[in-house]
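S.K.: I'd like to ask you about the structure that follows.
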Amino acid sequence: MTHNPLHEASPMIYLLAVLRSSDKCIVASYVISKEVALEGVRECIAGNMSMLPGKRYTSQGSSQSIHYLLDVQGRVFTLVSSPKYSPRIAFAALDNLQQSFNKEFGTRTSTAQEESLSRPSQQIFRLIFERFQNPANVDKLAEVQEKIDVVKTTMKENIQQLLVNNEKLEQIEMAAEHLNNQSVDFKRGAKELSNKMWWKMWKMRLLIGGLITAVLIIIIVPIAVSSSNSK
């Protein structure tokens, strides 16, 4: 069993450990408080015969609480804390421990001997402890992360809205261009129609003028001839 000095006067996390569920072998541990016995942790986990992968368990005591979870590879990640320590933060710490430990030692836990990975994993345990020992700091980090997530979501929505507006603007520009083309075609057609009507009007005028001239000739010429004969 490994021992580390206290990181603060009254730590709320007492112990971190990784066990193998098949034989309850403690392959790695990080002990902060001398008052916590690893054997008690082993017995607590061994007593849970119906433990399921992915499910979270808490054993609440008067002086300490044991939080643990089993992954699909048969590794049990355990955190012993003060009874006042939030289970929500405890399991957040265990999720971080599981991710970091499996990334570094995942393939070795199936054959590791008792405590054989404790020394190599000290840095991982220490980082988890320093990050999660103070629940207030964890909540502050969570609050900051939540604000960052809100800003990211807002920016994403703004970008999506900008893209939608840009698409609408392109559609408006296309519609305006189409209307402009239609306007040009209409003006061209109106001019051509105006020219045709102008020519029709002059043809009609010439035709009417010709008819009038012909009528006048028909009327005037006989009169003139008759007047000439009478003289």
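The values are calculated or read from the model by the stated rules, or taken from the named source; none is laboratory data. Since the structure is predicted, the reported quantities are computational estimates derived from the model, not experimental observations. Note: ideal-geometry Cβ built from the backbone for every residue, glycine included; neighbour counts use all protein chains shown.
S.K.: Here are some residues: Met12, Met1. Which one is in contact with a Leu (Cβ under 6 Å, 6 or more places away or on another chain) and modelled with pLDDT under 95?
M.R.: On inspection, the qualifying residue turns out to be Met1.
S.K.: Go through segment 69-100 and count every residue that is free of Cβ contacts under 8 Å to residues at least 40 places away in the same chain and not in a helix (DSSP H, G or I).
M.R.: Summing the residues that are free of Cβ contacts under 8 Å to residues at least 40 places away in the same chain and not in a helix (DSSP H, G or I) in segment 69-100 gives 5.
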